[in-house]
Amino acid sequence: MSGSPVERPGLLALAGVPSERIAAWLDRAETFLAGGDAPRADFGGQAPLAGRIVAHLFMEDSTRTRLAFEVATMRLGGRVIAATAAGSSISKGESLLDTARNLAAMGVDAIVVRTAASGGAAQIAQRLDVPVVNGGDGRHEHPTQALLDLLTLRRAMGSLKGVRVGIVGDIANSRVARSDVHGLRALGAEPVLIGPPTLVPRTLSGLATATGGPPIEIEHDFDRVLPSLGAVVMLRMQRERAAADAVAADYPKGYRLNRERAAKMPDRAPILHPGPVNRGYEIEPEVADDPRRSLVLRQVGHGVAVRMAVLESMLSA
Ligand code: CP
């Protein structure tokens, strides 16, 4: 098995996924939203996941991804079982792959994996005959986060063609940034990676070259580039991945999104953040909560809708 996200009934990465497939997931997610900010009703009629069981295998903590997949599965009429590092035999030394093999042996219909190991979701998918969805693997990808970011931007702005979207912060450690780059490029937007050289080295301009894309713009001066951005995605400093320590004290001076910086962007340019938010560090609370510009909580509701679209496309008969 190749593990390619376009050949298998699973979702491991957005790199290489055709724009038509991405647009189809977003269009379907829109129908689940029914004009609101989150799906509010269970699927009417023949529920697409009736009788299906989705297993969660989350080896890193999660609030949004794990619970949004759970709500999405329930809205579609399916059920969820969950294994986490604490409380499963992983604590006795069983490997993630062996744990996934045991879930597959129980006959589950899909597995959603979060792991600190980059490529960990693909390793499981290559060895099991069960659809696997990557819920975030190390520094590699977080494809459903990117889908919800794309849906949020598309609903706020219409077409993303030619829109310069700043992705700001700890890019070196960010799976969200990698998936966002691929998704934004697929929909015709222009991602700009912004942050200090330690977190945004120039080598990251080659992030999309494996899929045939031109170099990505790298910018170390946030204040200079702000007026040209149509939207920003502010990232969390990933202290658990330990690369941020060198810049931690200086970072807010150059990169925290405060009211003065937000005012330099075009009026009403959307502000996104995948969460969890380090309030006061990478973004000022007044900006994170600004009802005119911040779409942070809308992203969360949209996360249920895109996960419904992905699960339905994989599991409905
Ligand atoms: N955005 C995101 O992945 O959040 P969680 O870690 O809470 O799932």
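Here L187 meets the list (1) open to solvent by 10 Å² or more (accessible area, probe 1.4 Å); (2) within 16 Å of the ligand (Cβ to nearest atom) almost entirely, failing just condition (2). Within segment 108-123, residues that are more than 13 Å from A13 (Cβ to Cβ) have Cβ atoms under 8 Å from residues that are away from the ligand (no atom under 15 Å from the Cβ) and of a type in the set (D, E, K, R) in these pairs: D109/R52; A110/R52, counting only partners at least 6 apart in sequence or on another chain.
In segment 267-295, how many are within 22 Å of L151 (Cβ to Cβ) and either basic (K, R) or assigned by TED's automatic domain parsing to the domain that holds T63 (or both)? So that I can check it myself, show each step before the final result.
Looking only at segment 267-295, we keep the residues that are within 22 Å of L151 (Cβ to Cβ), and these are 268-277, 283, 287-295.
Checking the rest, the ones that are also either basic (K, R) or assigned by TED's automatic domain parsing to the domain that holds T63 (or both) come to 268, 292-293.
Count: 3.
Restricting the search to helices (runs of 4 or more DSSP H) fully inside segment 198-317 and requiring at least 1 residues that are among the basic types (K, R) and closer than 28 Å to R75 by Cα gives 296-315. For segment 10-25, check the following and say yes or no: at least one residue is modelled with pLDDT of 95 or more, more than 16 Å from the ligand (Cβ to nearest atom), surrounded by 13 or more Cβ atoms within 10 Å (Cβ to Cβ) and charged (D, E, K, R). For segment 10-25, residues modelled with pLDDT of 95 or more, more than 16 Å from the ligand (Cβ to nearest atom), surrounded by 13 or more Cβ atoms within 10 Å (Cβ to Cβ) and charged (D, E, K, R): present.
Checking the conditions here, which among A100, A116 is among the hydrophobic types (A, V, I, L, M, F, W, C) and open to solvent by less than 10 Å² (accessible area, probe 1.4 Å)?
Working: A116 fails: open to solvent by less than 10 Å² (accessible area, probe 1.4 Å).
Selected residue: A100, the only one of A100, A116 that is among the hydrophobic types (A, V, I, L, M, F, W, C) and open to solvent by less than 10 Å² (accessible area, probe 1.4 Å).
Can we say V232 is closer than 19 Å to L295 by Cα and open to solvent by less than 50 Å² (accessible area, probe 1.4 Å)? For V232, the condition - closer than 19 Å to L295 by Cα and open to solvent by less than 50 Å² (accessible area, probe 1.4 Å) - is met.
Checked against the criterion of being surrounded by fewer than 15 Cβ atoms within 10 Å (Cβ to Cβ), within 16 Å of the ligand (Cβ to nearest atom) and in a loop (DSSP other than H, G, I, E, B), the candidates D42, D61 yield just one match: D61.
For segment 246-266, the condition holds for no residue, the condition being that it is under 24 Å from L150 (Cα atoms) and at pLDDT below 95. Figure legend. Inter-residue proximity from segment 73-84: first residues in a strand (DSSP E or B), second residues of a type in the set (F, W, Y), beta-carbon distance below 9 Å, spacing 6+ or different chains. Indicated pairs: V80/F69; A82/F58; A83/F58; T84/F58.
The values are calculated or read from the model by the stated rules, or taken from the named source; none is laboratory data. All values reported here derive from a predicted model rather than from experimental measurement. For neighbour counting, all protein chains shown are included, and Cβ atoms are generated from backbone atoms with ideal geometry for every residue, glycine included. All accessible areas refer to the heavy atoms of the entire protein, side chains included, with ligands and DNA or RNA removed. Shrake-Rupley method; radii C 1.70, N 1.55, O 1.52, S 1.80 Å.
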